[in-house]
Amino acid sequence: MKKIVISGYYGFNNAGDEAILEGIVTTLRSLAAEQGETLHITVLSAQPEATIDRLAVHAVSRTNLLAVMREILASHALISGGGGLLQDSTGRGLSVLYYLGLVLLAGLFGKKTIIYAQGIGPIRKSYNRLLTRLIVSRVSLISVRDQASLDELRSLGVARSPLTLTVDPAFLLAPSDPNGRAAAFIETLPAGMPVVGVAVRSWHEEEKTLRSIAAAADCLSRELSAVTVLVPMHYPEDLAAAEKLAALMKSPTFILRELLAPRELLAVFNSFSLVLAMRLHALIFAALAAVPLLGIAYDRKVRVFLERLDLSSAEEPGAPEAVQLTAQALERWQARERLRCHLSEKSFAFYQDGLQWAGRVLAFILK
């Protein structure tokens, strides 16, 4: 039995990061079982008990440094990722030091270290750039989820070879059966009407952004005779933004208030007809569900993901007028049959890519 520790932004009620974790855990377990192997997985989590209940892993508090050190010392490998861990553009920019510190600690303990499908950057502070170059250059195995992250590592002078381009581990997820909490929510929606899913977050020029999105969603509701579902991807922050958006809207609007597990949430996305989103993983879920989508590129990671889908994005929040958003969304709607096929093909290709990388990681851990 091989013991691995997984670190990331886990246990913070962020659907995207929880989808990443579930994709990594379930895929590595499945591939190991095919080879008659068993993995003992420990997750560093902000809510260890919730992580244990959902994924049947071992988990410890990510801030309990003694427990973290003990788990890394007893492990064969540390997996750092996925998600946008190595960046200093959000919060106080300290998270990059935390995640680099774990990688450094594992290396000092003589453990295998793996950066797993991360989104790298932007890293602006000079000392963070230096530390990233020094520590990441000593990592055993490295993959990133987009070309911009690959370019960022190269600009930092990370010399480790090879640097592998793969996909976000959320593409390894399959939706749950439409029962339970997901089905209960879907049943509250009017039957026979298109459903427009909208995922927003608080960001710069929030009021202007939400007003533009609200007006666009109202226009889409009228044009398509649709209802709107607001989907918070990060609780409770996105729920507050969704409530502000709902207050600005005049058309029939529902808010998904319950915190769902990633596969349940993916089942909800399967009921959507069109998705308009700021959140990266709302767009990934839409792609997985083969639902026509329009992304608002509040962050580089949204733009580069849409580029991998061969789709354009709306401008940054606050910049597009409601009429522009509506027109772009209607274009996606009118091309929906072609887009569904395109997204299905892309998602399957991404799944195969993610599976191949997971197999490579497992082989590295087992040898």
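Couple of notes before you dig in:
- From the options 245, 220, 224, 259, residue that is under 30 Å from residue 9 (Cβ atoms) and modelled with pLDDT of 95 or more: 245
- Taking the conditions (1) over 29 Å from residue 86 (Cα atoms); (2) modelled with pLDDT of 95 or more in turn, residue 178 satisfies each one other than (2).
- Odd one out for residue 288 among (1) closer than 23 Å to residue 241 by Cα; (2) under 17 Å from the mean Cα position of the chain (by Cα); (3) crowded, with 20+ Cβ neighbours inside 10 Å: (1)
- Filtering 323, 302 for residues that are under 22 Å from residue 121 (Cβ atoms), part of a helix (DSSP H, G or I) and β-branched (Val, Ile, Thr) leaves a single hit, 302.
- In region 207-244, the qualifying residues are those that are among the hydroxyl-bearing types (Ser, Thr, Tyr) and touching a Ser or Thr at 6+ places or on another chain (Cβ under 7 Å), and the one that is surrounded by the most Cβ atoms within 10 Å (Cβ to Cβ) is 228.
- Inside region 230-250, residues that are under 19 Å from residue 271 (Cβ atoms), among the aliphatic types (A, V, I, L, M) and not in a helix (DSSP H, G or I) make up a count of 3.
- Spans of helices (runs of 4 or more DSSP H) in region 1-84 with at least 3 residues assigned by TED's automatic domain parsing to the domain that holds residue 262: none
- Sole residue being buried (at least 18 other Cβ atoms within 10 Å of the Cβ) and out of contact with any strand residue (DSSP E or B) (no Cβ under 6 Å at 6 or more places or on another chain), chosen from 199, 261, 247, 183: 261
- Verdict on residue 271 being at pLDDT 95 or above and assigned to a helix (DSSP H, G or I): no
- Scanning region 62-90 for residues that are more than 18 Å from the chain's Cα centre (by Cα) and either among the acidic types (Asp, Glu) or exposed (fewer than 15 other Cβ atoms within 10 Å of the Cβ) (or both) turns up 63, 64, 65, 66, 69, 70, 71, 73, 74.
- Across region 157-175, the qualifying residues are those that are surrounded by 20 or more Cβ atoms within 10 Å (Cβ to Cβ) and in contact (Cβ under 8 Å) with a residue 60 or more places away in the chain, and the one among them that is farthest from residue 291 (Cα to Cα) is 166.
- For region 110-118, the count of residues that are within 24 Å of the chain's Cα centre (by Cα) and surrounded by fewer than 16 Cβ atoms within 10 Å (Cβ to Cβ) is zero.
- Being surrounded by fewer than 16 Cβ atoms within 10 Å (Cβ to Cβ) and within 19 Å of the chain's Cα centre (by Cα) is a description that applies to residue 344.
Conditions tested, residue by residue: (1) over 20 Å from the mean Cα position of the chain (by Cα); (2) free of Cβ contacts under 8 Å to residues at least 24 places away in the same chain; (3) not assigned by TED's automatic domain parsing to the domain that holds residue 291.
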{"position": "212", "(1), (2), (3)": "yes, no, no"}
{"position": "218", "(1), (2), (3)": "yes, no, no"}
{"position": "243", "(1), (2), (3)": "yes, yes, no"}
{"position": "254", "(1), (2), (3)": "yes, no, no"}
{"position": "260", "(1), (2), (3)": "no, no, no"}
{"position": "266", "(1), (2), (3)": "no, no, no"}
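- Out of 139, 167, 158, sole residue that is among the hydrophobic types (A, V, I, L, M, F, W, C) and over 30 Å from residue 310 (Cβ atoms): 139
The values are calculated or read from the model by the stated rules, or taken from the named source; none is laboratory data. Just so it is clear, the structure is predicted and the values come from calculations on it, not from any experiment. Reconstructed Cβ throughout: ideal geometry from the backbone, glycine too, with neighbour counts over all protein chains shown.
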